[in-house]
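Quick notes on the structure that follows.
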Amino acid sequence: MRYVRVALAGLIVAAAAMHGRPPSAAEGSRPPSVDDLLARLGYTDQDKKALLSGKVISTDVKRTRDDQLIAAVAVVLPVPIADLAEGPKQGRNIERDPDVVAFGALSQSAGTEQFAKAAYTASETDEVKRLLKVKPSDTFNLSSEEIAVLRAGLGKLDGKDRATAEAVSKAYREVLAGRLSAYLDKGLDGIAPYDHGGKTFSPAKELRAVYKQAEPFLSEYFPGFKEALAEFPKGQSSDITSRIYWMKRAVEGRPAFILAHQMVEAGDDYVLMSHRQFFVGHTYDSLQVVALALPVQGGSAVFYVNSAFTDKVTGFFSGVAHSVGQGRMKDDLTKYFETVRETNK
């Protein structure tokens with residue numbers, strides 16, 4: 001389940017090489033103390049000592065659904081708060097993800113032209129052939145309507161040449177454009193469920209569930225950010241940078257197209273970020289990260305909560321699968337942040 005680790009592990013951290021003074025705190029926003037945040041995430045006094053001594057600390061976070069994998073990681077970086085905001089505002093965290101093959105920022109308008117570089121290559125024949133035979137199953141995350149449109153448009157292709165890859169790419173760009181248009185128009189209400197053949201999975205319900213976990217904290221400290229996250233496309237603030245990206249990433253050995261909405265709010269003494277993957281091509285359904293950086297002696301403490309939803313941890317062996325998945329998530333996140341910490345010394 002390496003996809004959980006690489007999905008967003010570098011989000012705020014990748015900004016460490018960037019510079020630029022963040023704006024004043026948004027009206028009504030006031031960051032918590034490091035001690036309060038540690039307590040809210042379930043860390044102990046020993047964890048705090050380990051964190052301030054330079055170690056990466058991780059912990060499980062209570063899940064709200066059987067198909068959720070959620071964990072928290074914290075690390076101190078020798079980087080001042082003033083230098084952290086610009087990178088995620090510009091999407092440089094995505095650019096520096098080693099598993100991202102291609103990506104682009106999306107405008108607040110519909111249409112396939114801004115997905116021109118979202119394409120399968122002639123070498124990705126296995127994935128192209130899977131789409132030529134697409135049907136309701138967990139091979140792809142698609143709605144019933146999207147599957148019907150793809151089958152109608154691709155049914156006569158044989159999957160043997162570059163023209164086929166281009167035709168499949170063009171058809172898939174229509175899916176991405178439709179997903180973007182619906183999200184821009186209605187936010188979470190516009191996200192169509194995935195048809196996995198006899199079962200449907202709703203990214204909107206998943207993302208609302210993880211939002212409910214963060215809501216009390218955001219209400220207390222960052223009410224403007226809470227409204228922007230919950231009410232999109234309504235409730236937006238000029239104090240919050242909001243951008244949507246498409247990505248092509250390697251996920252479990254397959255190319256996956258992803259639509260991600262990133263929000264960043266920065267003040268003199270904090271950087272707050274949300275990264276919401278509201279469409280994922282396969283393997284997992286959705287992902288939500290909330291990260292907060294606070295100043296500490298010698299740099300910034302970055303607190304990072306990663307929540308992914310996947311039906312791969314449900315079913316008869318769900319207890320074992322969840323335990324393994326949760327452990328791998330924490331281990332992978334911890335190892336990644338250890339590497340980041342070392343490179344920023």
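The values are calculated or read from the model by the stated rules, or taken from the named source; none is laboratory data. These figures come from a predicted structure and were not determined experimentally. In this analysis, Cβ positions are derived from the backbone assuming ideal geometry, glycine residues included, and neighbour counts consider all displayed protein chains.
Residue by residue, here is whether (1) surrounded by 16 or more Cβ atoms within 10 Å (Cβ to Cβ); (2) assigned by TED's automatic domain parsing to the domain that holds residue 258; (3) at pLDDT 90 or above; (4) in contact with a Pro (Cβ under 6 Å, 6 or more places away or on another chain) holds:
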| position | (1), (2), (3), (4) |
| --- | --- |
| 155 | no, no, no, no |
| 159 | yes, no, no, no |
| 167 | yes, no, yes, no |
| 172 | yes, no, yes, no |
| 187 | yes, no, yes, yes |
| request: Please indicate, with yes or no, whether at least one residue in segment 200-209 is acidic (Asp, Glu) and in contact with a strand residue (DSSP E or B) (Cβ under 8 Å, 6 or more places away or on another chain). | output: yes
In segment 179-203, residues that are touching a residue at least 40 places away in the same chain (Cβ under 8 Å) and in a helix (DSSP H, G or I) total 10
message: One residue is enough: does segment 30-47 have a residue meeting the conditions more than 27 Å from residue 223 (Cα to Cα), touching a residue at least 12 places away in the same chain (Cβ under 8 Å) and out of contact with any helix residue (DSSP H, G or I) (no Cβ under 8 Å at 6 or more places or on another chain)?
response: no
Subject >> Test: residue in segment 121-132 that is within 27 Å of residue 302 (Cβ to Cβ), at pLDDT 85 or above and in contact with a helix residue (DSSP H, G or I) (Cβ under 8 Å, 6 or more places away or on another chain) >> reply: no
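Look through segment 278-290, keep the residues that are assigned to a strand (DSSP E or B) and at pLDDT below 95, and return whichever of them is farthest from residue 214 (Cα to Cα).
In this case the residue turns out to be 286.
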In the set 247, 273, 263, the lone residue that is at pLDDT 95 or above, outside any helix (DSSP H, G or I), within 20 Å of residue 81 (Cβ to Cβ) and assigned by TED's automatic domain parsing to the domain that holds residue 86 is 263
